[in-house]
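Quick one: this structure, given as structure tokens, is what I'll be asking you about.
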Amino acid sequence: MKKLILVLSFLFITNLSALTLGVGAGLENLGNDAYLQIKGDALFPLFSFLDYRLTLLTFNFKDKNIRLGTGIDNDMIAKIPLPVLFQVYIPLGFSFGFNDKTSINLKGGIGLEKEFGLLKGYLEGGLKYFKNDEDKTLFYLQGGVKLSLEIL
């Protein structure tokens, strides 16, 4: 376990200059009771084909709820190298929690990213599966911009 933490710390420190900050808006819970949500996140490159996305801020317009911190949402972003104008990627997320009840959350989808000078625009969609007292599958669609700190 100590070796894993050491390797992840090394990857984090050596890739800090390649950190990408993003902000976007998304429609959550499509098809049921859709609502708008604003998100702020950070992307850390791990390998040329794999990034780690950490959501730092969300504002939910339905509940007028602000969540701030590092435990909001975590995704692995698998980039698919294709000879097209857009960068295609697959966001995959998993979380497991047990406070007063056990919950398992899964997330999967597909996204497109396009570079526009210093900024990158993205559009992503997919589904989220929640298993706790009841099973729920929610669809989402989000888009926004990203700024790489590597170019600053």
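Looking at the range 86-118, which of its residues are surrounded by 15 or more Cβ atoms within 10 Å (Cβ to Cβ), within 16 Å of residue 23 (Cα to Cα) and over 11 Å from the mean Cα position of the chain (by Cα)?
112, 113
Within the range 111-119, can one find any residue that is at pLDDT 85 or above, in a strand (DSSP E or B) and under 19 Å from residue 29 (Cβ atoms)?
Checked the range 111-119: at least one residue is at pLDDT 85 or above, in a strand (DSSP E or B) and under 19 Å from residue 29 (Cβ atoms).
Then there's this: Please go through (1) touching a residue at least 24 places away in the same chain (Cβ under 8 Å); (2) loosely packed, with under 15 Cβ neighbours inside 10 Å; (3) not aliphatic (A, V, I, L, M) for residue 79 and return the number of the only condition it doesn't satisfy.
Single failed check for residue 79: (2).
The values are calculated or read from the model by the stated rules, or taken from the named source; none is laboratory data. The shown structure was predicted, so the numbers you read here are calculated from the model rather than taken from an experiment. Don't worry about glycine lacking a Cβ; one is built from the backbone with ideal geometry, like all the others, and counts go over all protein chains shown.
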